[in-house]
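The values are calculated or read from the model by the stated rules, or taken from the named source; none is laboratory data. All values derive from a computational prediction rather than experimental measurement. Methodologically, a virtual Cβ is constructed for each residue, glycine included, from the backbone with ideal geometry; neighbour enumeration extends over all protein chains shown. Accessible surface is based on the protein model in full, side chains and every heavy atom, while ligands, DNA and RNA are left aside. Shrake-Rupley method; radii C 1.70, N 1.55, O 1.52, S 1.80 Å.
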Amino acid sequence: MAERGGRGSGHGSLDKSITLPPDEIFRNLENAKRFAIDIGGSLTKLAYYSTVQHKVARVRSFDHSGKDIDNEPLYEISVQEEITARLHFIKFENTYIETCLDFIKDHLVNTETKVIKATGGGAYKFKDLIEKKLGLKVDKEDVMTCLIKGCNFVLRNIPHEVFAYQKDSDTEFRFQTNHPNIFPYLLVNIGSGVSIVKVESEDKFEWIGGSSIGGGTFWGLGALLTKTKKFDELLQLASKGQHTNVDMLVKDVYGGAYQTLGLSGNLIASSFGKSTTADKEFSKEDMAKSLLHMISNDIGQLACLHAKLHNLDKIYFGGFFIRGHPVTMRTITYSINFFSKGEVQALFLRHEGYLGAIGAFLKGAEQDNPNQYSWGENYAGSSGLMSTSPDVYPMQRTRSGTFDMLEMDRLERPLVNLPLLKDPSTYIPDTVDLTDDAMARKYWLTCFEEALDGVAKRAAASQPDSVDAQERAEKFRQKYWNKLQTLRQQPFAYGTLTVRSLLDTREHCLNEFNFPDPYSKVKQKENGIALKCFQSVIESLDSLGWEERQFALVKGLLAGNVFDWGAKAVSDVLESEPQFGFEEAKSKLQERPWLEDSYSQWLERLKEGPPHKCALIFADNSGIDIILGVFPFVRELLSRGTEVILACNSGPALNDVTYSESLIVTERIAAMDPVIHSALRDEKLLLVQTGSSSPCLDLSRLDQGLAVLVRERQTDLVVIEGMGRAIHTNYYAVLRCESLKLAVIKNSWLADRLGGKIFSVIFKYEVPCK
């Protein structure tokens with residue numbers, strides 16, 4: 001991208017010197033179908049919907065009739081093209097609007113619409129330019145309606161969208177758990193002025209107040225005081241200033257704190273108060289800081305009063321005044337805390353700059369009813385939240401505010417909470433917050449960096465007939481490496497940093513370069529091998545007494561969980577020792593007191609209690625794990641009269657079993673085992689998809705069909721197995737029914753941190769408090 005030229009206010013002086021690489025900025029523009037645009041005083045936000053063609057791995061059962069199935073693959077694997085929907089949001093400075101419109105015009109191929117929805121003050125200013133350049137009619141939409149629609153959308157669809165700002169804590173950005181019910185809330189939009197809106201439902205909102213003292217005031221007065229006319233430069237001046245050089249404090253008036261009213265001596269008594277008494281010049285930095293404090297405190301007090309008046313405890317702040325700038329967020333947060341005495345929370349949004357564009361797009365897409373779907377952020381194509389604080393992010397961003405992107409993929413099925421969560425509003429999937437834990441963050445980022453070459457090699461090897469597989473694998477490696485470096489500097493870029501988000505980002509990057517299932521052949525082979533051992537394992541279990549069999553079943557579940565290609569300690573063994581199998585895995589298990597204490601409670605429950613009505617089991621790995629570990633356990637539950645819902649990933653991740661693979665595996669097991677056969681026939685055993693394509697498990701985003709089934713079958717036992725699902729996530733998840741969480745720790749650093757050895761086991765049997 002070329003260096004920027006000078007700026008100007010008229011269309012004729014707009015910068016045309018930049019080069020826009022289509023694969024980096026306006027991605028998939030040739031398949032764009034619908035547009036919307038939000039033009040503010042300094043920034044343009046463009047939204048468009050496109051269809052994305054990408055590769056997906058499919059499995060299909062062979063017709064084995066009349067064949068020697070022992071020498072045949074279990075199923076056929078094919079890579080097919082699939083078309084999905086994606087939303088693209090791009091933010092850039094108005095300086096580049098003409099160049100960007102030219103670029104869009106030159107790359108448009110299949111757009112379906114003749115209208116572009118537009119909002120923001122600039123929609124009027126640039127109307128003629130847009131219509132001339134794109135040949136689309138500009139249809140203007142109400143600014144506030146668009147902001148609210150956009151806000152509702154991100155609150156519903158983007159986990160870790162909302163954060164509180166805590167400058168003086170170890171974690172600067174404290175991300176919030178998505179609440180299942182987002183209403184009511186207060187939205188304070190700080191643009192040139194301030195608008196305060198109470199939002200009660202999707203379509204019910206009310207403007208309840210505002211102020212003429214807002215971002216425009218800061219910009220205008222700042223220009224007069226400091227001779228600085230660019231908004232971001234004013235903010236940078238403020239970040240370096242010391243307001244106490246300009247502001248009169250309580251201690252300047254009373255010599256200390258004003259004890260009678262409980263006022264600290266460091267509180268501002270009079271903004272710019274010292275300018276009337278001091279006989280000296282004040283620095284630009286100090287005046288900018290004082291001005292920022294004055295306006296932020298005024299807005300904070302006004303917002304707080306409205307929140308208290310309407311009994312609301314959440315205020316979302318947005319608008320160009322915020323800009324993700326630390327000094328602004330810190331000042332507003334302090335003001336809200338002070339005036340509400342901690343009863344009202346100031347909250348900010350990772351994507352607040354896109355709210356108007358998102359809302360305008362939704363207005364134009366109402367006939368497609370986008371709110372009926374669930375959407376997920378595509379980390380591979382999104383810029384992430386970037387703090388402008390120099391001490392937080394010393395590395396210069398190459399695009400620094402010039403272009404930022406957000407991409408949202410439409411998911412095949414709606415996602416909802418697991419009905420058995422005790423309190424969905426407080427559920428946090430992840431066990432460790434790497435944003436908080438610096439030591440863990442350093443370890444896991446290094447771990448993913450060191451594994452990257454192996455993942456890229458595996459991806460290329462999974463497509464031996466593709467001439468460009470090596471090139472695409474290298475592009476994947478570079479892109480994910482860059483993401484990891486961003487997260488080293490800005491761990492909050494995509495919300496709370498966790499092992500789950502690192503894994504999911506890697507999967508997104510693999511999919512970006514058309515590696516939908518690098519472990520498909522590995523899973524196919526391991527499923528075939530495990531099936532040949534199934535009957536002998538069942539015979540061995542059936543020969544045991546009841547109590548011995550229960551222990552053997554649990555040990556088999558845990559031994560099966562060893563076979564995880566995502567764990568380096570395991571993948572090294574599996575690659576160097578091809579004969580490593582089920583019995584070898586059992587011998588590696590380190591049975592700790594965790595197993596003994598919790599297992600005895602589980603055994604007592606089986607002995608004394610009635611059979612569970614229905615068990616929901618979240619499966620983990622293909623091959624030995626699901627076939628020799630999970631299915632014997634499922635069989636035992638069925639024999640006790642318990643119905644079983646077996647939930648597997650909707651899409652591939654590492655060597656985790658997918659729903660489509662589980663259908664084929666279960667069909668083969670049913671042909672060998674009468675218990676499984678009759679359970680399938682009588683619908684006592686039900687196979688469902690989770691709605692996820694992750695090695696981890698978020699119980700707040702599960703397939704709606706699964707949730708319906710859990711209610712209908714009155715599920716009273718949840719079994720979660722695997723390191724990703726039961727340790728990295730859900731270790732502390734609280735359910736309204738009994739639960740089992742089982743896993744083998746296959747990482748020596750994590751085992752040491754938990755006080756054990758590698759291949760130590762986790763077996764947590766939990767009963768809800770009455």
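Numbers for the structure displayed
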| read-out | value |
| --- | --- |
| Neighbourhood net charge (15 Å Cβ-Cβ; Lys/Arg +1, Asp/Glu -1) for S264 | 0 |
| Net charge, C146 excluded, C-beta distance under 9 Å - Lys, Arg +1, Asp, Glu -1 | 0 |
| The chain - convex hull of the alpha-carbon atoms, volume per residue in Å³ | 183 |
| Relative contact order %, the chain, counting alpha carbon pairs below 8 Å whose residues are six or more apart | 12 |
| Dipole magnitude of the chain, debye to nearest 20 (Cβ charges: Lys/Arg +1, Asp/Glu -1, about Cα centre) | 2040 |
| Of all accessible heavy-atom area on segment 404-466, the percent that carbon and sulfur account for (1.4 Å) | 53 |
| Antiparallel DSSP beta bridges within the chain, as percent of all bridges there, nearest 5 | 65 |
| Above-threshold pairs, the threshold being 24 Å between Cα atoms, out of K613/K741; K55/K117; K117/K149; K204/K308; K91/K133 | K55/K117 |
| Whole-percent carbon and sulfur share, accessible surface of segment 665-711, 1.4 Å | 49 |
| Span-rule helices in the chain, defined as complete DSSP H runs reaching 27 Å or more along the axis (Cα) with Kyte mean at least -1.0 | 284-309, 438-461, 520-542 |
| Cross-link reach list, lysines versus K280, counting only Cα pairs under 29 Å and skipping chain neighbours closer than eight places | K227, K229, K230, K240, K251, K289 |
| Cβ-Cβ FRET estimate between Q259 and Q166, R0 fixed at 45 Å, reported to 0.05 | 0.95 |
| Segment D279-A461, length gained on full extension (0.36 nm per residue, minus Cα span) | 58.1 nm |
| For segment 78-204, share of DSSP beta bridges that run antiparallel, in % to the nearest 5 | 70 |
| Accessible area expressed per residue, the chain, with surrounding protein chains retained (probe 1.4 Å, Å²) | 42 |
| Directionally averaged shadow of segment 415-547, computed from the convex hull of its alpha-carbon atoms, nm² | 13.1 |
| Efficiency of FRET from Cβ geometry, D423 and E206, R₀ 35 Å, rounded to 0.05 | 0.75 |
| Alpha-carbon Rg with Dmax, taken over segment 494-589, Å | 17.2, 52 |
| Rounded FRET efficiency, nearest 0.05, which uses the C-beta distance separating E30 from E131 and R0 of 22 Å | 0.50 |
| Estimated translational D of segment 260-386 in µm²/s (Stokes, Kirkwood radius over Cα pairs; 4 °C; 1.567 mPa s) | 73 |
| Cα shape, segment 501-658, gyration tensor, a/c 1.5 rule | prolate |
| Residues of segment 409-424 with amide N under 15 Å of the 7 Å Cα→Cβ point at Q372 | 411-415 |
| Shape category assigned to segment 666-770 from the gyration tensor of Cα positions, a/c cut at 1.5 | prolate |
| Accessible carbon and sulfur surface of segment 255-381 relative to its total accessible area, %, 1.4 Å | 48 |
| Inter-part distance where segment 111-152 and segment 422-491 are each reduced to a Cα centre, Å | 37 |
| Segment 591-742 shape via C-alpha gyration tensor axes, a/c threshold 1.5 | rounded |
| Cα convex hull of segment 136-226, projected area averaged across orientations, nm² | 9.5 |
| Segment 551-631, relative contact order in percent, only Cα pairs under 8 angstrom and at least six apart counted | 56 |
| Under 20 Å from the Cα of K607 - aspartates and glutamates, other chains or at least 8 residues apart | D542, E547, E548, E596, D597, E636, E643, D716, E738, E766 |
